[in-house]
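Below is one structure, written out as C-alpha cells; comments come after it.
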Amino acid sequence: MSEPRHHRHKDSKIRSFFREFSFEFIVVGLFGLGVFLLMEKMSIKSYIAKFFVTIVNGIIKFVSSLFEIVTDYLTQIETSDIVGILLICASFILVYLRIRFRIIQRNAYLPECPSCGGDLRRIHRHPKYKILGFLLMARYKQFSCKKCEFEGIRIGVHTK
Ligand SMILES: [Zn+2]
C-alpha cells in the first residue's frame, strides 16, 4: 500500500516543490527585475564584463601563486625532510600494527557461546566486518549461538 504512494510522491516532487515555494519564486523574480531595471541605467553590460574579468584574473593569479608555492616547496625539500617524513610514516605504521595486533588478539578466540556455552554456527558476515577486515588485513568470521541470541566474531590473520 505504501509502495504506490511513495512512487507518486517521487513523480510530483519537483512540481510540489515549485508549488510550495511559488511565492518565494515570485518575490525573487520581482526583486531581480527591480535590480535589473536599476542596473540597466548604470550600463549593466560593462559592469558584468568587468566583474567577470576580475573573477577570471583572480583565478589565474590564485592558480599561478599556488603553483609557485608548490614548486618553491619542492625545491626546498632536503634530505632531513625526507628522513622526517619517513619517520612519521614509520611511526604511523607501527601504531597501526600495534592496534591491529591488539584487536586480532582480543577476537581470535571464540570456541563456544560465552553467555550459555552452546555451540556456534557460522553466519553471513555483516558488511561492516568486510570493511573492518580490509582495514585490518584480516578475515572476520561471524557466528551465532545455536541455543541463544548471541552473535559474535572471530578474526583470523590469514586472509583466505
Ligand atoms: Zn548461547
Highest-first arrangement of 140-153, 105-118, 54-67, where packing means the average Cβ count within 10 Å: 140-153, 105-118, 54-67
Approximate spin-label separation TYR47-LEU66, in nm, with each point projected 7 Å along Cα-to-Cβ: 3.0 nm
Amide H contacts under 5 Å for GLY118, placed H, 5+ residues apart: CYS113
Max mean-square fluctuation residue, GNM over the chain, Cα-Cα springs under 10 Å, options VAL27, VAL70, VAL95: VAL27
Dipole of the chain [Lys/Arg +1, Asp/Glu -1 at C-beta], most positive-end residue of ALA90, PHE31, ILE103: ILE103
Gain in span if fully extended, LEU37 to THR75, counting 0.36 nm per residue against the direct Cα distance: 8.3 nm
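What number, rounded to the nearest 500 deg cm²/dmol, is the helix-based mean residue ellipticity at 222 nm of the chain, given -39500 (n - 2.57) per DSSP H run of at least four residues and division by all its residues? It would help to have the intermediate numbers written out before the result.
On the way: 6 runs with 110 residues, N = 160.
After summing the helix terms and dividing by the residues of the chain, the value is -23500 deg cm²/dmol.
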Highest to lowest packing among 76-86, 122-132, scored as the average C-beta count within 10 Å: 122-132, 76-86
Local electrostatic count at ILE155 - Lys and Arg +1, Asp and Glu -1, tallied over other residues with Cβ under 9 Å: +4
Listed residues ILE48, ILE26, ILE103, most fluctuating in the chain (Gaussian network, C-alpha, under 10 Å): ILE26
Built amide H within the under 5 Å cut-off of PHE150, gap 5+: CYS145
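The numbers here are math on the coordinates, done by the rules we state, and not lab data. Only a predicted model underlies this, so the values are computations on that prediction, with no experimental measurement involved. Heads up, the Cβs are rebuilt from the backbone with ideal geometry, glycines too, and the neighbour counts pull from every protein chain shown.
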